[in-house]
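Readers should treat all values here as calculations from the given coordinates under stated rules, not as data from a laboratory. Here the structure is a predicted model, which means the values were calculated and not measured. A quick note on method: Cβ atoms are made from the backbone with ideal geometry, for glycine too, and the neighbour counts reach across all protein chains shown.
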Amino acid sequence: MDKVIGIDLGTFNSCVSVVEGGTPVVIANRGGYKVTPSMVAVTEAGKRLVGHIAKRQAVTNAENTVYAAKRLIGRKFDTPQVKNAIATCPYRIVEGPHGDCRIQLRDKVYSIPEISAMVLQEMKMIAEDYLGHEVTKAVVTVPAYFNDGQRQATKDAGQIAGLDVIRIINEPTAGALAYGFGKNIDRTVAVYDLGGGTFDISILEISSAGVFKVVSTAGDTFLGGEDFDQRIIDWLVQGFREEHDIDLRQDRMALQRLKDAAEKAKCELSAVMETEVNLPFIISSPRNEALHLQQLLTRAQLEELTQDLVERTVQICEMTLDEAGLEKDEIEDVVLVGGMTRMPRVQQAVSEFFEREPCKGVHPDEVVGLGASIQGAALVDDSKELDMVLLDVTPHTLGIMVAGGFFEELIQQNSTVPTSDSKPFTTVRDNQTAVKILVLQGESKKADENELLGEFILTGLRRAPAGQIEVDVTFEINADGIVSVHAKDTETGKEQSITVTATSGLTQDEIDLMMQEASEYAVARRGDEESEGVKQQAETLIAEIQKLFPEVEAVVAGSDFGRDAIEKARAVVDRARMLMDRNDSAGLKEQIDALTRTQRMFKGVVGKSA
Ligand SMILES: Nc1ncnc2c1ncn2[C@@H]1O[C@H](COP(=O)(O)OP(=O)(O)OP(=O)(O)O)[C@@H](O)[C@H]1O
Ligand SMILES: [Mg+2]
């Protein structure tokens with residue numbers, strides 16, 4: 001049976017997991033790390049770096065290192081969130097051909113799903129290294145509050161990475177799944193997930209029969225650790241400007257160093273009451289003197305700088321509870337997910353609001369990935385311990401634009417998915433042969449304040465007087481939270497299937513091209529790894545042979561036959577070295593045989609003489 005991996009594709013970190021023998025486990029990479037920074041870079045030589053190695057070189061290659069790409073996925077270029085990102089990111093965000101945003105790294109422009117695909121591909125490879133075989137199926141998580149465009153774009157990323165994303169699940173739901181799995185509990189729980197980029201809160205009913213039912217969910221896809229860091233950066237920049245009259249933001253390298261320092265200070269302040277931000281030689285003055293940044297930051301100051309962010313999460317909790325029609329005391333467990341929940345002020349705010357201590361024993365960085373793998377296993381395996389049902393909801397109301405620019409609701413927010421609803425459309429003019437429908441998602445009564453998912457035109461209608469032609473349009477949200485639309489001519493019964501092309505999405509041709517590039521990269525990278533392996537093997541064999549030379553010579557040098565054998569052994573080693581120098585990996589691979597035979601022969605000779 002195919003193994004399905006679970007991937008938590010985070011703004012800050014990603015994590016991959018798999019169920020083995022009925023137990024979900026987090027997979028560590030070769031370096032032993034269980035989470036991988038969601039960072040991608042391109043070096044001067046054009047080499048792609050992903051994860052830890054990308055993070056390590058971020059300061060010296062800030063312009064070509066992408067972090068937090070998830071904040072941009074599925075978003076249009078012309079939005080306040082993207083403007084905010086442009087103002088604060090050291091990498092270059094440009095407008096794409098579909099009004100989407102793209103990132104320029106050196107001389108190439110990448111779509112956001114392509115960047116996310118690089119991270120997914122890395123996670124796929126980590127899993128393959130561990131499992132020892134290829135992996136093609138995955139469950140990928142997204143913030144519960146992601147809209148259709150963001151979900152579609154995440155699915156595209158999976159496809160580009162060569163993964164069949166069999167299900168998209170919501171991060172807090174995955175958290176709840178990992179929390180409740182195998183516990184046989186009947187409980188109403190709240191999952192508070194504050195990560196690097198997004199905030200989600202979900203209320204679920206978990207039943208001992210293995211049903212995980214989401215009652216309500218809400219969030220903010222632009223509220224997370226990044227914003228906390230930004231507050232510290234702003235404060236540092238302002239202090240520096242007051243002192244030196246220099247804006248540190250002009251310098252990309254300084255900006256990247258500030259970002260690292262701010263994040264580090266924030267994390268330290270979860271454990272200690274004060275910390276010093278110390279950045280020597282941060283910038284030069286107009287008179288070319290090196291300037292340093294040195295600032296003491298206390299926990300109280302950090303809490304003041306970020307008070308409104310924490311407040312906002314609490315307000316969203318209140319809203320969700322209202323939506324669920326529950327009182328605080330009906331919540332029996334509060335589960336904290338996401339690295340930001342390590343901040344003492346956040347923990348305090350959550351326990352004050354829910355009037356109870358959050359559960360211990362849940363690993364905030366790993367639960368989401370674990371939950372994804374549980375769902376993955378449950379989808380392909382029908383063994384008893386994986387017998388469970390996940391009932392999630394759609395976070396946004398789905399509707400269409402009607403006369404006057406109003407928004408007519410079709411599927412309500414917090415409806416259990418999959419779900420569908422039909423609506424009849426009639427022609428309004430005589431001989432009208434086409435109807436245009438705008439599909440939107442959001443909570444505003446005004447259509448233009450909601451997110452336009454796409455538009456489609458029903459064509460080929462029979463010419464008839466106004467109002468005579470009726471078309472039934474069905475709007476559907478599947479278990480991934482992705483929207484699709486079908487239409488049926490009620491008179492003829494003829495079906496029209498319409499895909500809502502997300503207005504900022506990629507075309508299939510673009511995806512195919514990106515897929516091909518990604519798979520070429522995977523082949524090249526596996527090739528690199530293989531030649532590295534062959535090189536190491538050759539080096540080990542040569543070293544062993546080299547060590548045995550004197551002894552072997554002492555034993556066999558007396559005979560012509562022996563001298564001949566030594567001569568041949570030298571030639572084998574020399575040739576291997578020459579191939580290594582030339583980086584001829586295929587040649588070296590063939591030479592391994594000869595090296596192995598020589599090494600065996602030498603060992604035999606030495607063994608016999610001993
Ligand atoms: N000890 C700590 N104190 C405060 N913040 C922390 C601590 N450890 C990690 N963080 C913050 O947690 C955030 C990362 O959390 P996490 O890995 O859960 O995010 P993510 O899953 O990548 O993002 P998202 O779920 O929003 O897409 C970062 O902003 C990081 O600085
Ligand atoms: Mg997360």
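Values as computed for the structure displayed
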quantity: Estimated inter-spin distance, ALA554 and SER531, nm [label 7 Å along Cα→Cβ]; calculated: 4.0 nm
quantity: Environment charge at THR598 (Cβ cut-off 12 Å; Lys +1, Arg +1, Asp -1, Glu -1); calculated: +2
quantity: Two-site label geometry, ARG577 and ASP329: point separation in nm, points 7 Å out along Cα→Cβ; calculated: 8.3 nm
quantity: Efficiency of FRET between ALA586 and LYS183 - r from beta-carbon atoms, R0 56 angstrom, step 0.05; calculated: 0.55
quantity: Dipole magnitude of the chain about its Cα centre (Cβ charges: Lys, Arg +1; Asp, Glu -1), debye to nearest 20; calculated: 1900 debye
quantity: Extension reserve of the ALA45-VAL606 stretch, reckoned as 0.36 nm per residue once the Cα distance is removed; calculated: 197.2 nm
quantity: Rel. contact order, % - alpha carbon contacts under 8 angstrom, at least six apart, the chain; calculated: 13 percent
quantity: Sorted by Cβ density within 10 Å, fewest first, the residues ASP251, ASP220; calculated: ASP251, ASP220
quantity: Residue-span extension gain [THR60 to GLN81] - 0.36 nm each, minus C-alpha spacing; calculated: 4.9 nm
quantity: Label point 7 Å beyond Cα of HIS133 along Cβ direction - residues of region 1-45 with amide nitrogen under 16 Å; calculated: 1-5, 18-22
quantity: Per-residue Cβ neighbour rank within 10 angstrom, fewest leading, VAL19, VAL389, VAL140; calculated: VAL389, VAL19, VAL140
quantity: Helix axis angle, 344-354 relative to the chain longest principal axis, alpha carbon, degrees; calculated: 40 degrees
quantity: Pair GLN250, GLN104: separation of 7 Å Cα→Cβ label points (nm); calculated: 2.1 nm
quantity: Formal net charge of residues neighbouring PHE12 (Cβ-Cβ distance under 13 Å; K, R +1; D, E -1); calculated: -3
quantity: Cα-Cα over 32 Å, subset of LYS264/LYS328; LYS76/LYS445; LYS183/LYS445; calculated: LYS264/LYS328; LYS183/LYS445
quantity: Extension reserve of the VAL402-GLU449 stretch, reckoned as 0.36 nm per residue once the Cα distance is removed; calculated: 15.6 nm
quantity: Peptides ranked, highest mean first, by Cβ atoms within 10 Å: ranges 533-542, 193-202; calculated: 193-202, 533-542
quantity: FRET efficiency for ASP382 and GLU520, using Cβ-Cβ distance with R0 set to 41 Å, rounded to 0.05; calculated: 0.65
quantity: Residue-count net charge about THR419 - beta-carbon cut-off 12 Å; Lys, Arg +1, Asp, Glu -1; calculated: -3
quantity: Rounded FRET efficiency, nearest 0.05, which uses the C-beta distance separating ASP2 from ASP593 and R0 of 30 Å; calculated: 0.30
quantity: Region 66-144 - percent relative contact order, Cα under 8 Å, separation 6 or more; calculated: 22 percent
quantity: Residue exposure sequence - CYS15, CYS101 - by fewest surrounding Cβ within 10 Å; calculated: CYS101, CYS15
quantity: Acute angle (nearest 10 degrees) that the helix 252-268 long axis makes with the longest principal axis of the chain, alpha-carbon atoms; calculated: 80 degrees
quantity: The chain, helix-only ellipticity at 222 nm - DSSP H runs n ≥ 4, -39,500 (n - 2.57), divided by all residues, nearest 500; calculated: -13000 deg cm²/dmol
